[in-house]
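Okay, structure first, notes after.
Any read-out appearing in this document is the output of simple, stated calculations on the displayed coordinates, not a laboratory observation. This is a predicted model, so every value here is computed, not measured. Because the Cβ atoms are built from the backbone with ideal geometry, glycine has one as well, and the counts that use them run over all protein chains shown.
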Amino acid sequence: MKTCTKCKESKDEAMFYKQKAGKDGLQSICKECDNYRSSRYKMSHRDIVDKSTQDWMIKHPDCIRAIRHKYHHKRRTELSSSPFPKEFKLMSHCWICLSTDRLEVDHIIPVSRGGSNDISNLTTLCKSCNCSKGSKTYSEWFEKRLGRARRN
C-alpha cells in the first residue's frame, strides 16, 4: 500500500505509475490523480500544443511522410499471413477490362482489410484497374463505378 501525495488516499501499488527515480520505483501521485492533472494541463494548453504541432508538421513534411510510410508498411507486413506464393501465375488479361497491357497481381480482399497472400485471394488486373480499385473490395469498387456511370 502507498499513499498518494495529491489525494492523500492509501492505494495498492498497482495504482501508481512506475518511476525509476523514486525510492520505491513508483510515482508519488496515483494514476487517477496523474491522469486528471494531465488532462487539465492539456485542456488549458490545447491552443499552444496544437499550434506548435501544426507548425512542426508544416516545417517537416518529409518526416511526416516517412513516419506514415513506416507505419503503413509495418501494418501491411503484420497483416500479410504468408509470403507471396511462387505457384501463382498471372493470367494473360485483366480480370475486369480484359486488357493485356501492364498486368499486376491484385488482392481480392485487400491486405489492409485482413486479406492474405493466399492464391485464392489473388487475381490479375491491369495497372489502371488496380490503381483505381485501391484498397476497396470489388463490390465497393463496382458500386462506385456504377454510381459514376449513372451520373454521366
In nanometres, the difference between 0.36 nm per residue of separation and the alpha-carbon distance of Met43 and Glu143 is 31.7 nm
Per the stretch 2-43, sqrt(5λ) over the Cα gyration tensor eigenvalues, sorted largest first, in Å, gives 18, 12, 8
Among Lys23/Lys70; Lys70/Lys127; Lys20/Lys59, the pairs whose Cα-Cα distance exceeds 28 Å are Lys23/Lys70; Lys20/Lys59
Counting only residues 5 or more apart in sequence or on a different chain, those whose built amide H sits under 5 Å from that of Ser99 are Cys94
On the formula 1/(1 + (r/R0)^6), with r taken between the Cβ atoms of Asp62 and Cys131 and R0 of 30 Å, the FRET efficiency rounded to 0.05 is 0.80
